[in-house]
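**Student:** Sharing a structure with you now.
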Amino acid sequence: MSTQSEIPLSVPSLLGNELEYLRECIETNFVSSVGPFVDRFEAMVRAWVGCRYAVATMNGTAALHVALLVAGVRPGDEVLMPSLTFVAPANAVSYAGAHPVFVGVEQSYWQLDPQRVVDFLESHCRRTTSGWENRLSGRPIRAILPVHILGHSADMRGLRKVARDYQLALVEDATESLGAYYDERPVGSLGDIACFSFNGNKIITTGGGGMIVTDRVDWADRARHLSTQAKTDPVEYKHDEIGYNYRLTNIQAAIGCAQMERLDEIVASKRQIAARYGALLKEPPGIRLPREAPNARSTFWLYTVLLDDTVFGKDSRAAMKSLSRRGIQTRPLWEPLHVSRAHGRAQSFACDYELELYHRALSLPSSVDLGDDGLQAVVHGLMAARAEILAPGI
Ligand SMILES: *Cc1c(COP(=O)(O)O)cnc(C)c1O
């Protein structure tokens with residue numbers, strides 16, 4: 001049975017200048033990877049994040065691939081990253097010929113835990129003349145790749161310190177957290193380089209798209225170079241290394257500009273939805289509401305609750321099905337990568353909460369246009385699911 005959900009998990013809000021800017025692309029014939037909207041979109045994201053440089057890419061995964069390359073990740077290197085994430089960053093590590101090592105998340109906000117990263121480095125790695133090396137694999141550890149999941153920042157104070165102490169590059173996967181803050185600074189400005197995604201389900205969308213931001217001019221230049229087939233001469237078509245065709249088109253960037261104009265408004269709506277969910281749900285027994293760290297400002301990209309197995313049974317799937325029967329689309333978190341078919345052979349360390357979060361977490365509808373009726377219906381549906389599971393057959 002696949003009836004379309006009356007209340008979808010998250011859909012884009014395209015109510016600004018999108019159509020007008022698209023028309024401009026067609027009328028001016030700037031439809032491909034060169035054009036004024038690409039420059040404007042890069043400038044808007046750069047300004048918002050407060051970074052010196054921005055390079056648009058065709059999606060967030062491509063942005064991560066190139067960001068890792070310019071951050072110095074080479075074939076045979078290792079990158080420390082969380083297991084509890086969408087698969088893209090681990091794939092990007094693999095595209096670079098490197099290997100992910102999955103390190104556990106903390107229990108409060110479900111983000112990569114700096115203490116666990118330190119513990120891994122201290123207990124499983126050794127210092128060499130050129131940096132830190134994994135004792136088991138003999139491979140160099142090159143970078144830390146925190147993923148700010150669900151609109152909330154990782155503990156960047158802690159991770160910056162680890163990166164500094166162990167001389168590792170700090171590459172932020174901020175694809176789910178454009179618009180979030182940490183220590184009053186925008187997420188994406190806290191590491192050495194950061195990536196955003198503008199896929200259809202992200203906080204703002206270009207249909208598909210991504211962005212690399214950094215303060216380092218050499219990294220930005222190299223990112224642009226690698227994303228444009230490493231072309232050194234536009235007339236003679238000379239190339240000095242193997243590059244990629246990763247550029248964003250002017251059409252996509254046009255949508256991006258219109259979306260960026262509304263980023264503050266969109267983030268405010270998301271936070272309002274989160275506040276309203278909190279007020280209506282009031283954390284009844286069996287349901288833990290998402291937390292926000294005191295020094296963080298989450299976008300609540302997807303409002304994700306944790307269902308207690310003493311009330312809801314062994315996982316969130318029964319609640320998901322019950323809500324689905326009511327036309328409400330919800331979603332569990334991703335299968336942790338350290339137990340996945342794709343990346344399960346990689347080394348993992350202190351992934352203590354990932355499986356539990358995977359079984360118990362449920363993301364609730366979080367579209368900007370959800371509206372109060374929609375929100376009340378979700379809350380009602382969730383409480384009904386809870387009652388149904390507590391007293392089956394009634
Ligand atoms: C969406 C996402 C990406 C990449 O996004 P695409 O634009 O779809 O390639 C990367 N990492 C995380 C955590 C994501 O959620």
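**Student:** What net charge is computed for the residues neighbouring residue 246, neighbours being all others with C-beta under 13 Å from the C-beta of residue 246, Lys and Arg scored +1, Asp and Glu -1?
**Tutor:** +4
**Student:** Additional query: Treat each spin label as a single point 7 Å out from the Cα along the C-beta direction, and report the residue 390 to residue 139 distance in nm.
**Tutor:** Those two pseudo-labels are separated by 4.9 nm.
**Student:** What is the calculated FRET efficiency for residue 295 to residue 261, with r their C-beta to C-beta distance and R₀ = 35 Å, to the nearest 0.05?
**Tutor:** After rounding to 0.05, the efficiency reads 0.80.
**Student:** Right, something else. Determine how large the accessible area of residue 95 is when every protein chain is in place; take a 1.4 Å probe and give Å² rounded to the nearest 10.
**Tutor:** My reading of the accessible area for residue 95 is about 120 Å².
**Student:** Can you compute the FRET efficiency between residue 325 and residue 119 using 1/(1 + (r/R0)^6), with r the Cβ-Cβ distance and R0 = 45 Å? Round to the nearest 0.05.
**Tutor:** 0.55
**Student:** Sum up the charges of everything whose Cβ sits under 14 Å from the Cβ of residue 279, counting Lys and Arg as +1 and Asp and Glu as -1, but leave residue 279 out.
**Tutor:** Residues close to residue 279 contribute a combined charge of +1.
**Student:** Is the range 114-248 best put as rounded, prolate or oblate by its Cα gyration tensor, with a ≥ b ≥ c the root eigenvalues, rounded for a/c under 1.5, and otherwise prolate when a/b is larger than b/c, oblate when not?
**Tutor:** Details: a/c = 2.36, a/b = 1.25, b/c = 1.89.
It is oblate, given that a/c is not under 1.5 and a/b is not larger than b/c.
**Student:** Still on this model: How would the chain be classified by its alpha-carbon gyration tensor: rounded, prolate or oblate, with rounded meaning a/c under 1.5 and the a/b versus b/c comparison settling the rest?
**Tutor:** Here the chain falls in the oblate category.
**Student:** Oh, and also: List residues of the range 73-92, by number, whose backbone nitrogen lies under 14 Å from a label position 7 Å along Cα→C-beta of residue 130.
**Tutor:** Taking a point 7 Å out along Cα→Cβ of residue 130, the residues of the range 73-92 whose backbone N falls under 14 Å are 73-78.
**Student:** Now for a separate question. Rounded, prolate or oblate: pick one for the range 1-114, where a ≥ b ≥ c are the square roots of the eigenvalues of its C-alpha gyration tensor, a/c under 1.5 means rounded, and failing that, prolate if a/b is larger than b/c, else oblate. Don't jump to the answer; show the numbers that get you there.
**Tutor:** Working: a/c = 2.15, a/b = 1.37, b/c = 1.58.
Verdict is oblate for the range 1-114.
**Student:** Roughly how many nanometres apart are two label points built 7 Å out from the Cα toward the Cβ at residue 372 and residue 282?
**Tutor:** Distance between label points: 1.8 nm.
**Student:** Work out the FRET efficiency for residue 34 and residue 218 from their Cβ-Cβ distance, taking R0 = 25 Å, and round it to the nearest 0.05.
**Tutor:** 0.65
**Student:** Then there is this: Determine the sum of side-chain charges near residue 36: Lys and Arg each +1, Asp and Glu each -1, restricted to other residues whose C-beta is under 13 angstrom from that of residue 36.
**Tutor:** Neighbourhood net charge equals -3.
**Student:** Give me the distance between the Cα centres of the range 348-392 and the range 150-186, rounded to whole Å.
**Tutor:** Between the Cα centres of the range 348-392 and the range 150-186 lies a distance of 26 Å.
**Student:** Further question on the same structure: Is it possible to state the helix-based mean residue ellipticity at 222 nm for the chain, with each DSSP H run of 4+ residues giving -39500 (n - 2.57), the sum divided by total residues, to the nearest 500 deg cm²/dmol? What is it? If you can, show how the numbers build up before the last one.
**Tutor:** Numbers: 13 runs with 146 residues, N = 394.
Mean residue ellipticity at 222 nm (helix-derived): -11500 deg cm²/dmol.
**Student:** To continue, here is another question. Tell me, in nm to one decimal, what length is gained between residue 26 and residue 161 on full extension, where the rule is 0.36 nm per residue of separation less the Cα-Cα distance?
**Tutor:** Gain on extension, residue 26 to residue 161, equals 43.8 nm.
The values are calculated or read from the model by the stated rules, or taken from the named source; none is laboratory data. This structure is a prediction, so every number in the text was calculated from the model and none was measured. Because the Cβ atoms are built from the backbone with ideal geometry, glycine has one as well, and the counts that use them run over all protein chains shown. Just the protein is used for accessible areas: all its heavy atoms, side chains included, with ligands, DNA and RNA removed. Shrake-Rupley method; radii C 1.70, N 1.55, O 1.52, S 1.80 Å.
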